[in-house]
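Right, one structure below, let's go through it.
The values are calculated or read from the model by the stated rules, or taken from the named source; none is laboratory data. What you see is a predicted model, and the numbers here were worked out from it, not measured in a lab. Positions of Cβ are generated from backbone atoms using ideal geometry, with glycine treated the same way; all protein chains shown enter the neighbour counts. All accessible areas refer to the heavy atoms of the entire protein, side chains included, with ligands and DNA or RNA removed. Shrake-Rupley method; radii C 1.70, N 1.55, O 1.52, S 1.80 Å.
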Amino acid sequence: MTDQESTDETNSSETTMIEETSDWSEIIFQTLFELEKKYSKSLRKKEVLGVIESETDRKRVTDAYMYLNSQRESLVDSALYEGFINMSELRESSYLEQMFLLEQRLNNFGQFVAKACQSIFFTMGKPTIEYSNVDFDAKTELIVSEDRDEIKLFIRKNQDVLRVFESTLLSYGDILNYEKDLFEKLLDKKFKKKELENLLSVVETEILSKMISEKKIRVVQQGEYLVFSKNGDYEELEGISSSVLLSPKKN
Amino acid sequence: MEEKFQNNDEVLNDKTEIVKLPAAITDEEKSELFKELTTILSRRWVKNKIFVFGSSEIDLLLATRFDIDTLREIIEEYKRFVEILGLEVVEYTLDGDTWYSLKSAFYAPSELLKSEFIVLGTIIGILETQTGPLLTKKIKEKLIDTNRMKAYQVDLCLRKLTQQGYIKRHQNVLSYNYRTLVEYGEKERRKIAEEFRKI
């Protein structure tokens, strides 16, 4: 036997080996594929396969990883293993179902969740000072019929107090007009509080208040007089502040 | 005399080592502050119809008039203080604000009933395993359609869990609220999900 012949022989044996392995890997892949189908189908239908059956299936594909070439084949292999795991879980839970009543299992689960809880710490109960407990409820009194006339008289006398105020909406122009009027009425003059109350209406007083806060007009109290002037030196008044409450007579 | 001075210096040095807070806060003030912190952090309030615990950082800043760094420093000190009592200071976020409250380091009785724990466990079990939004319908499917619980029971539990700050309900989508995340760590939630698969 020449060297040439021997090398030929080794080459041919290698090729047969490769052919065999490629055949073998095809068979293995076929088995993997079929088993994967079988398990995913049974899992979908929630059919439990026996322990022995699962175990023989697992043994059939134990060495399969050695013959896997492509990524697709590896994916099928891992999918099958996931199928095995899920099947084992399904089997366990089905055994548990047979062993324990549903309520018992739920109770156990609830207990488990309760145990895993690391609760927030707080003091129970309501605050000791409760505003709702203070007796602020309006009390109704029975009116004796003889007093009715008196009440009517009282209402007539105090109609102004009992009247519901209507809110007036002023446009920007209205406000400017009021401000102009107020300048004319008040600027560089001095008034007593009562005089002002008779002179101004409710709306005018509101606007005067706004003007003072916006520093459009300056008011200084001198004795019992209120002196109005235009933009004076505010710095000299800094830190001095007082308020005068006006209750205008006009509406 | 010299020895005395040295001793005094040592005492002073010791003191400066012990006092870690800004010099403006004396030990007496600090103990008063810790008492007040314990009271405020163990309170329960109602905010937007949901129970919240402890106090927000902004409220603490307003009440103490500290700057943020001083407040955080004090809370760090306070954490070490309550650790001895078996408590933990927890931080959680609520509507963008940071809140502080106390949590038991070991075990504290919970207010929830067994049925509420079951519903909460189911929600955790599903939320931990799925990625999409969790609809109320799915909880009902899991618990009512399989005859595990009654429909009114599940509704009641969901309402209480929402009120207690465990879950948020936006239309029909359920998600975790701050309390689940505070009381159940990531590991616990994963364990619950595993248990849930078994039932």
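Measure out, as a whole number of angstrom, how far apart the alpha-carbon centroids of the range A:67-117 and the range B:165-187 sit.
25
Compute the signed sum of charges (Lys and Arg +1, Asp and Glu -1) over the other residues within less than 15 Å, Cβ to Cβ, of residue B:87.
-1
Would you please give the residues with an amide H less than 5 Å from that of residue B:90, counting only those at least 5 places away or on a separate chain, with H modeled from the backbone geometry?
Under 5 Å from the amide H of residue B:90: B:101, B:102, B:103.
Through the Karplus equation 6.51 cos²θ - 1.76 cosθ + 1.60, θ set to phi - 60°, convert the phi angles of the range B:66-80 into ³J(HN,Hα) values in whole Hz; use x for Gly and Pro.
Going residue by residue, I get 8, 7, 4, 5, 5, 4, 5, 5, 5, 5, 4, 5, 5, 4, 5 Hz, with x marking Gly and Pro.
Using a 10 Å cut-off on Cβ to Cβ distances, tally the other chain neighbours for every residue of B:50-56 and report the average as a whole number.
1
Along the range B:141-154, what does the Karplus equation 6.51 cos²θ - 1.76 cosθ + 1.60 (θ = phi - 60°) give for ³J(HN,Hα), rounded to whole Hz, x for Gly and Pro?
Karplus-based 3J(HN,Hα) across the range B:141-154 equals 4, 5, 9, 8, 5, 8, 6, 7, 9, 7, 4, 5, 4, 5 Hz.
Give the Kirkwood hydrodynamic radius (Å, one decimal) of the range A:44-107, defined as one over the mean of 1/r across all pairs of different Cα atoms.
The answer is 13.7 Å.
Between A and B, buried accessible area summed over both sides at probe 1.4 Å, in Å² to the nearest 100?
Accessible area lost upon association: around 2900 Å².
If we count chymotrypsin sites (Phe, Trp or Tyr not before Pro) as exposed when they sit in a DSSP loop and have at most 15 other beta carbons within 10 Å, what is the longest stretch of chain B that avoids them all?
Longest gap between qualifying sites, sites excluded: B:1-105.
At R0 = 45 Å, how high is the FRET efficiency between residue B:61 and residue A:215 if r is their beta carbon distance? Nearest 0.05 is fine.
0.85
Once you have the alpha carbon radius of gyration of chain B, what is it after dividing by 2.2 N^0.38 Å, with N set to its residue count?
Dividing the Cα Rg of chain B by 2.2 N^0.38 Å gives 1.39.
So who's got an amide H within less than 5 Å of the one on residue B:176, skipping anything under 5 residues away but keeping other chains? H placed 1.01 Å off N, in plane.
Excluding prolines and chain starts, which carry no amide H, the hits are B:168.
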